[in-house]
Amino acid sequence: MLRGAMSEEHERWMRQAIAEGELARGGTGDNPWVGCVIVDAQGELLGKGHTQGPGEDHAEIAAAAHAKARGKSVVGATLYSTLEPCSFHGRTPACARSIAERGLARVVIGMHDPHPRVSGEGCRILRDAGVEVVEGICEALVRRQLGSWVLEHHPHDVVRRAARSPEPETVEKLADMYGVDVKTMRTALLRAAAKGA
């Protein structure tokens, strides 16, 4: 497949994962509303899922369970997740390890998880297990979708970006980047500065 065609295919499936993630908005507690789809080499949708409530399945596990319920094997398939799979065992096991154990060939992510214990680590676990990782597909759309979650739970991500841009319109640009209004962004930056984020 040509590079451009592959990119278009990745974007098409990531947009479906984004739509799946929207189904979880408001029902995930302090977890992000992530969406996931799993596709075989022929382009058949095997399974789809989104983050459940706190302590329940994350999107990747929900999608794998959906595929299994449909009698579909995910071995050798491609998983599209709006956010980098988690890398540590919290209320649920680490998704990156579970994905690697299931024999998926490739994982395509929209954006890195800004959680300091995850950021880049989920991708490293997958690569170390021999899984191909493609990053940054529809990243701007995913960042806007998860913007309010990032501001609430990981404001350091926004502060880091703000520090890199000395332009006076930084707050407006950040608000647009994270899909929130300017007042919300200003409040988040002030709150993060007060906490020393």
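The values are calculated or read from the model by the stated rules, or taken from the named source; none is laboratory data. Computed from a prediction, not measured in an experiment: that's the story for all the values here. Virtual Cβ from ideal backbone geometry, glycine too; neighbours counted across all protein chains shown. Side chains are part of the model used for accessible areas, which takes the heavy atoms of the whole protein and leaves out ligands, DNA and RNA. Shrake-Rupley method; radii C 1.70, N 1.55, O 1.52, S 1.80 Å.
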Scope segment 62-106; condition of a type in the set (A, V, I, L, M, F, W, C), surrounded by 21 or more Cβ atoms within 10 Å (Cβ to Cβ) and over 20 Å from GLN145 (Cβ atoms); matching residues: ALA64, ALA67, VAL74, ALA77, ALA96, ILE99, LEU104
Residues satisfying the stated conditions in segment 85-132, i.e. at pLDDT 90 or above and of a type in the set (Val, Ile, Thr): ILE99, VAL107, VAL108, ILE109, ILE125, VAL131
Note on segment 164-187: residues more than 22 Å from SER119 (Cβ to Cβ), open to solvent by 70 Å² or more (accessible area, probe 1.4 Å), at pLDDT below 85 and of a type outside the set (Asp, Glu) are PRO166, PRO168, ARG186
